[in-house]
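The values are calculated or read from the model by the stated rules, or taken from the named source; none is laboratory data. None of these values were measured; they are calculated from a predicted model. When we count neighbours, we look across all protein chains shown, and the Cβ atoms used for this are built from the backbone with ideal geometry, even at glycine. Surface accessibility is based on the protein's heavy atoms, side chains included, excluding ligands, DNA and RNA. Shrake-Rupley method; radii C 1.70, N 1.55, O 1.52, S 1.80 Å.
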Protein chains: 2
Amino acid sequence: MATASHRTAPEHIHPEDVSVQTALAALADPVRLSLVRELAGSVEWSRSCGSFDVPVGKAALSHHFAVLRGAGLVEQRDEGPRRVNRLRRAEFEARFPGLLELVLRDDPAV
Amino acid sequence: MATASHRTAPEHIHPEDVSVQTALAALADPVRLSLVRELAGSVEWSRSCGSFDVPVGKAALSHHFAVLRGAGLVEQRDEGPRRVNRLRRAEFEARFPGLLELVLRDDPAV
DNA sequence: CCGAGTGTTCGATGAAAACCATACACTCGC
DNA sequence: GCGAGTGTATGGTTTTCATCGAACACTCGG
């Protein structure tokens, strides 16, 4: 039941246990930033990993999601064969006030 | 006069022209984060580049300051033989509200 | 005008990170 | 129980970045 294409369920890290460094590094990558933004504009649990429009292969994509999990930015759940995502808005906001909002509503440096 | 050990004066970039990516990447490095924090606790223009307590050589240090300038985080001015620094608090805050404050008053991830 | 102090530049090195292609694991509909 | 769809793991390549040592440029005090 509900254990998609993975031996074990995704391992999550709570934002509370994340260092600023890790958080910043996670968001400093263009692909991940794109994922986070796209995710922010979607209904929770509505997007599977493969449904994002980024210019990388599956392997790299999977890796990026692992990084996002490791930064407490994304939560994942297995739903049948696919793994659906959710942006941990509230929790992340509590740990890093303003950060998420900052990267989300950014005027791309004019 | 006032052109220390450098052909040309330091080239600055205003925070307004900096992308989030660049800003985050600049702050995601341990050495640079250390520099910013130490600088935040000092009087403006009081610290020369060499006066910071970081475990890297001069060359690397010089590079890190270049990155910080490129992210609009630091302003430099030549004062005799040395180059003194200032944290661009207000300008940076205006461009990335909350970010600087966030990395400065951080509980190192418990 | 020399020597000490300061910072940048260059070239090279090493480590980290992103990426791909492939192979594998799991789910589900047929 | 196949076969398609989805995601992970592994191995290897490439790129990026932090770092160093050494050479250079500039300032200033004797």
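In the condition set (1) open to solvent by 40 Å² or more (accessible area, probe 1.4 Å); (2) touching a residue at least 24 places away in the same chain (Cβ under 8 Å); (3) not hydroxyl-bearing (S, T, Y), B:V36 is compliant with all but (1). Among the numbered criteria (1) free of Cβ contacts under 8 Å to residues at least 12 places away in the same chain; (2) closer than 21 Å to B:A26 by Cα, which one does A:A59 miss? Result: A:A59 fails condition (2) only.
Of the helices (runs of 4 or more DSSP H) that lie entirely inside the range A:1-77, those containing 3 or more residues that are closer than 21 Å to A:F96 by Cβ, near DNA strand D (Cβ under 10 Å from one of its atoms) and more than 14 Å from every other protein chain (Cβ to nearest Cβ) span A:58-70.
Does the range B:48-66 contain any residue that is at pLDDT 95 or above, more than 10 Å from DNA strand C (Cβ to nearest atom) and under 21 Å from B:E93 (Cα atoms)? No, that holds for no residue. When the range B:78-90 is filtered for residues that are more than 11 Å from DNA strand D (Cβ to nearest atom) and either on the phi > 0 side of the Ramachandran plot or in a helix (DSSP H, G or I) (or both), the ones remaining, listed by number, are B:R89, B:A90. Annotation: of all residues in the range A:78-110 being exposed (fewer than 14 other Cβ atoms within 10 Å of the Cβ), within 14 Å of another protein chain (Cβ to nearest Cβ) and over 15 Å from A:A23 (Cβ atoms), the one that is nearest to DNA strand C (Cβ to nearest atom) is A:P108.
Looking at the structure I just gave you, is A:P15 touching an Asp or Glu at 6+ places or on another chain (Cβ under 9 Å) and buried (at least 17 other Cβ atoms within 10 Å of the Cβ)? Taking the combined requirement at face value, the residue satisfies it. For B:E93, state whether it is in contact with a Leu (Cβ under 8 Å, 6 or more places away or on another chain) and outside any helix (DSSP H, G or I). Answer is no for this residue.
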